[in-house]
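Rule-based calculations on the coordinates, nothing more; no lab input. Only a predicted model underlies this, so the values are computations on that prediction, with no experimental measurement involved. Ideal geometry is used to build each Cβ from the backbone, glycine not excepted, and the neighbour counts take in all protein chains shown.
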Amino acid sequence: MMTQREALEVLAAERRERIVVTTMSSVGIWPTLSDGPKDFAYLPSSMGQGISIALGLALAKPGLGVISVMGDGSLLMNLGSLITVASHPANLAIILLDNGLYEVTGGQPVANAGRTDFAGMARAAGIPHVFAFDDLEQWKQHAGQIIAGPGPSFTWLKVQARYGQKTPLPPRPMAEQIQRLRGAIGN
């Protein structure tokens, strides 16, 4: 099984000029791989909103392409976002990093950890392009095509759990991130 860092390294290599919205534990890793104006670290007071932010950006700027990176705990907090994405098609790639934990809130197992078929849920919601990988080499082989392909798409990556993690700090204040992103995509 791949690590979260390995999964994100592949994404960083294949993202091209797309906006990347990270949430929760991926916020602690992503800035070490990519820290440009199109990298948006969203650490809200409520989990599960990353897909909604990414969808809004994808709808507002359809030519750019947006990637939403979130964990299984965050997705479980807002499963309705999958139906919203399916009903508002956009150039959006959702990358789910499933480690079976609420990693940065204490390491508690998510409900039904290891038994939830997230790919099946995405298909049932109506997302047309759904993929699942638990092997790093398979993810490397297909990532570029998935990210470059039509949206919306949903990719479920099973990654190793990391215990003892703390909620990361964003690489810069939210107002600065918003200003940088606006400058990069043109208000």
At 222 nm, what helix-only mean residue ellipticity would the chain give, in deg cm²/dmol to the nearest 500, using -39500 (n - 2.57) for each DSSP H run of four or more?
-11500 deg cm²/dmol
Size of the dipole of the chain about the Cα centre, Lys and Arg at +1 and Asp and Glu at -1 on the beta carbon, nothing else charged, in debye to 20?
400
From the Cα centre of segment 1-52 to that of segment 134-167, the distance in Å is 11
Counting other C-beta atoms within 10 Å, and keeping those with at most 16, which DSSP coil trypsin sites (Lys or Arg not before Pro) do you find in segment 115-187?
R115, K166
Rounded to two decimals, what is the ratio between the C-alpha radius of gyration of the chain and 2.2 N^0.38 Å?
0.93
